[in-house]
Each structure stands twice: as C-alpha cells, then as structure tokens.
Amino acid sequence: MADLTRVHGSPSGNVSYDRSVANIGDISADELVDVAGRKLAFFKIVVQNGSDTNQDMRTEMGPNECVEKVLQIMQNYTDGTNEGSATILAYQVEGDNTGQISVAVEGSSWTAAALQASIRATTTLNSINVTGSDVTEPGLDLA
Amino acid sequence: MADVTRVNGDPLGVVAVDASRGDTDADGVLDATLTVANVGRQCAWMAIIVKNGSAEAVDLQAEVDTGDSVEAILKAIQASEVSSTQYGGEILAYQVEDDATGQISVMVAGSNWTASDMQTAIQALGTTVGNNTLDISGSTVTDTGMKLATS
C-alpha cells in the first residue's frame with residue numbers, strides 16, 4: 001500500500017487563533033500557540049516604587065490590597081475613551097520580595113506599555129507606591 | 001448610611017479550583033508562591049530545556065515542522081500515560097523560544113505530570129527524534145509555576 005507523507009499539521013501557530021505565526025519552516029520569533037480557547041497574553045508585572053525598588057507583595061494579598069487592585073486594573077481595560085477586553089485566566093504572585101505578579105489574560109486588549117502606564121498612573125495602591133512598576137510581555141516564557 | 005468593610009474575597013486561592021494556596025497558615029501573608037486559576041481546570045506550567053546526551057541545549061528554531069522534534073515532544077506530553085491509570089494532561093498553550101536555548105514552555109490543563117515524570121518521558125524519546133533525528137536524551141523539565149521570564 002502506498003504511503004502518503006504528512007506535510008501539514010506542524011506545531012506552528014495557525015493565523016485564526018494564535019498570537020504569533022511561524023508560517024512554514026524555521027521560526028523567526030518566539031512561537032506562542034494557544035491550542036484551545038481564546039488568544040492568551042502573558043504579562044510580567046514587577047511592582048516597584050518611584051525609586052525602582054521592588055515592593056514585597058507577600059503582605060498585599062487581602063481584600064482591597066495591592067495585588068487585588070492591580071488585578072482589577074487589568075480586568076477593567078480602558079484606554080481612556082474605549083473599554084476593551086481582558087479576562088484574567090490565571091495569575092501567580094511570587095512568595096518572595098521581588099514584587100512579581102505573572103498574569104495570563106484571555107482576549108486581552110492590553111499592551112505592556114498601556115498596562116504599565118495604567119498601573120503607574122494610580123500612584124499608590126493600598127499605600128504602596130507603584131509609580132515605578134514595570135510590565136513586560138514575554139509570552140509564555142517560563143522562568 | 002452605614003459602611004460595611006469587605007473582609008472576604010481576597011486574591012488568595014480557593015482550594016477547590018486552584019493549584020496552590022500560598023497562604024498556608026491563613027494569616028493573610030504569603031508563605032509560598034501562589035498560583036491561581038480563575039477558570040477551567042488546574043494548570044501545570046513546565047519549562048522544558050531540550051538537551052542532548054551531553055547536556056548541551058538543542059536549538060529548536062528549525063524544529064517546528066511537521067514530524068520534527070517539537071511535535072514529538074508535544075505528542076509525548078499530550079498522549080503519554082504517567083501511570084497505567086493516569087494520562088498526562090491537555091496542552092492549553094505552549095511557546096517555543098526563538099533562540100538557541102532549546103526551551104519549550106507548556107501550560108497543561110488537568111495535568112497528572114510531575115516534572116520528573118515528564119522529564120523521564122521526554123528523555124525516553126531517545127537519540128533519533130523527529131525528521132532530523134535529534135538526540136534529546138538529556139532534556140530537563142522544571143515545574144516553574146506560572147513565573148514568567150523577563151523576555
């Protein structure tokens with residue numbers, strides 16, 4: 001019986017639902033593929049004060065405290081005029097003093113720059129100075 | 001009108017649906033890294049570094065075609081049995097790094113994998129994996145939680 005070599009169905013992304021597209025062959029950028037559900041964005045937030053000193057989030061886990069307020073900012077996207085979309089699927093708060101919160105967001109309208117600006121613009125969250133906070137979008141690059 | 005201060009509904013995990021609690025002594029302060037899944041099944045987050053038998057990282061930038069090694073590794077994660085009664089889990093998302101580090105990051109829903117079991121399964125794929133017969137027998141797997149890297 002003749003063999004048919006499979007030439008389609010690679011692990012590269014499909015345009016319809018993935019963020020990045022390697023097309024065919026070698027990749028030229030980090031290739032993030034969402035196998036199921038809506039497109040995901042991954043943001044690394046490091047909460048810092050105006051002197052760029054990391055703010056310990058371990059004691060900021062209560063109602064109305066800093067972590068909750070950062071997540072609320074993310075969930076309620078606006079660019080000042082238009083509301084957008086951002087459903088937090090999962091997040092992780094580091095059990096150390098690095099101030100890092102990692103967030104997976106479905107159907108995100110955020111850019112890292114816009115999210116960073118929104119967090120910084122609040123100035124203080126539960127009396128924590130957040131004006132030097134940094135946000136990057138590394139994709140699903142696990143540390 | 002009297003105010004009622006909200007004292008419940010913090011960002012800490014709920015045992016039933018989340019991967020970790022973080023605040024193990026319930027004093028409102030994290031004792032360990034906290035991962036919370038708001039919807040869906042519990043997820044495991046694994047960083048795979050594909051390495052050969054000499055523990056050298058294998059560049060995956062040219063390994064994403066049909067039948068190449070990235071596909072073989074994803075199939076192993078998706079299809080392998082952790083034990084005779086437990087399947088590995090469902091890959092929800094993954095990322096292949098566009099560099100020579102050999103890193104694949106995977107987000108696995110409903111995972112029964114431990115990092116050790118996954119590492120053993122990937123190493124067992126052997127020394128001639130995929131169209132380009134890669135040696136991936138020295139690959140390592142770390143359960144990082146959802147901690148994202150810098151870039």
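A short reminder: the numbers here are calculations on the coordinates, not readings from a lab. Not measured: the values here are computed from a predicted model. Neighbour counts run over all protein chains shown; Cβ positions are idealised from the backbone, glycine included.
Taken over the Cα atoms of the range A:40-136, the convex hull encloses 84 Å³ per residue. Taking other Cβ atoms within 10 Å as a rough exposure proxy, B:Trp45, B:Trp113 sort from fewest to most as B:Trp113, B:Trp45. For the protein assembly as shown, a Kirkwood radius taken over Cα pairs fed into Stokes-Einstein (37 °C, viscosity 0.692 mPa s) yields D = 163 µm²/s. Taken residue by residue and averaged, Cβ atoms of other chains lying within 10 Å of the Cβ of B:49-62 number 1. Computed from backbone phi, the HN-Hα couplings of the range A:66-74 come to 4, 4, 4, 5, 5, 5, 5, 4, 5 Hz, rounded to whole numbers (Karplus: 6.51 cos²θ - 1.76 cosθ + 1.60, θ = phi - 60°; Gly and Pro given as x). The length gained on full extension between B:Gln78 and B:Asp31, counted as 0.36 nm times the residue separation minus their Cα-Cα distance, comes to 13.7 nm. Fewest neighbouring Cβ atoms within 10 Å first, the residues A:Asp34, A:Asp56 line up as A:Asp56, A:Asp34. Considering the range B:18-137, its Cα convex hull presents a mean projected area of 9.0 nm². The relative contact order of the range B:18-133 comes to 28 percent, based on Cα pairs under 8 Å that sit 6 or more residues apart. Amide H contacts for B:Leu148 (H built 1.01 Å from N in the peptide plane; partners 5 or more residues away or on another chain; cut-off under 5 Å): A:Ala143.
Estimated from helical segments only, the mean residue ellipticity of the protein assembly as shown at 222 nm is -4000 deg cm²/dmol, where each DSSP H run of four or more residues counts as -39500 (n - 2.57).
The alpha carbon radius of gyration of the range B:67-109, expressed as a multiple of 2.2 N^0.38 Å, is 1.26.
The alpha carbons of the range B:107-151 stretch over 32, 28, 17 Å along the principal axes, in descending order. Would you give the gap between the C-alpha center of the range B:90-130 and the C-alpha center of the range A:43-72, rounded to a whole Å? Here the two parts' Cα centres lie 31 Å apart. Full extension of the chain between B:Thr142 and B:Thr128 yields a length gain of 2.7 nm, computed as 0.36 nm times the residue separation minus the alpha carbon distance. Taking every residue in B:138-148 and counting other chain Cβ atoms within 10 Å of its Cβ, the average works out to 5. Annotation: the residues B:Tyr94, B:Tyr87, sorted from fewest to most other C-beta atoms within 10 Å of their own C-beta, follow the order B:Tyr87, B:Tyr94.
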